[in-house]
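Asks: Please find one structure pasted underneath; my questions will follow.
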Amino acid sequence: RPAATMSTKDAWSKREISFHNLEAARLALQDATLLQPFFQVWEESCDAIDAAQHLSLTTSFARQMPNHGANVLMIGESGAGKSTLVKVMTGDESIVTSSTFAGTSSDARYTSPCKINWVDTPGFK
């Protein structure tokens with residue numbers, strides 16, 4: 001279990017979650033169960049929407065989200081450190097980073113075992 005200042009089990013009831021160090025955060029991202037509490041609340045919300053038939057809403061598309069994970073879209077100026085952050089958080093050494101030239105020329109997706117999809121995008125000026 002990650003050495004977090006709070007457990008990942010109750011992380012979704014809080015506004016933020018913090019870790020004692022970078023390694024604890026990386027370890028949490030390797031935990032395939034990290035997002036389960038979030039997706040449980042997601043399912044309960046879908047159930048509530050389905051129960052409110054007078055709203056005439058469908059949750060069939062929304063219910064597919066747990067199968068695909070959650071996306072984190074990295075956007076910002078060129079050289080801001082988007083790719084570096086993705087590399088640090090995923091531990092993927094194949095991610096090219098540079099402090100002297102724009103390294104990302106098209107969107108790239110990296111998935112953590114916990115189903116967080118990091119989408120690294122080219123920077124803008």
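The values are calculated or read from the model by the stated rules, or taken from the named source; none is laboratory data. These numbers were taken from a predicted model, which means no experiment stands behind them. Quick reminder, even Gly has a Cβ in these numbers, built from the backbone with ideal geometry, and neighbours come from all protein chains shown. Each accessible area value is taken on the protein alone, full model and side chains, heavy atoms only, with ligands, DNA and RNA left out. Shrake-Rupley method; radii C 1.70, N 1.55, O 1.52, S 1.80 Å.
Asks: If you scale each eigenvalue of the Cα gyration tensor by 5 and take the root, what three semi-axes come out for the chain, rounded to whole angstrom and sorted largest first?
Replies: 31, 20, 12
Asks: Now a separate question. First compute the accessible area of region 49-94 with a 1.4 Å probe, then give the percent of it belonging to carbon and sulfur atoms.
Replies: 57 percent
Asks: Another one. If I model a spin label at Asn71 and Ala51 as a point 7 Å from the Cα along the Cα→Cβ vector, what separation in nanometres do I get?
Replies: 3.1 nm
Asks: Cα centroid distance between region 21-57 and region 73-117, in Å?
Replies: Computed from Cα coordinates, the inter-centre distance equals 24 Å.
Asks: What aspartates and glutamates sit close enough to Lys82 to cross-link, taking a C-alpha to C-alpha distance under 13 Å and skipping anything fewer than 8 places away on the same chain?
Replies: Those aspartates and glutamates meeting the cut-off are Asp107, Asp120.
Asks: What size of dipole, in debye to the nearest 20, comes out for the chain about its Cα centre when the only charges are +1 on Lys and Arg C-beta atoms and -1 on Asp and Glu C-beta atoms?
Replies: About 200 debye.
Asks: Keeping every protein chain present and rolling a 1.4 Å probe, give me the accessible area per residue for region 58-104 in Å².
Replies: Roughly 63 Å² per residue, with all protein chains present.
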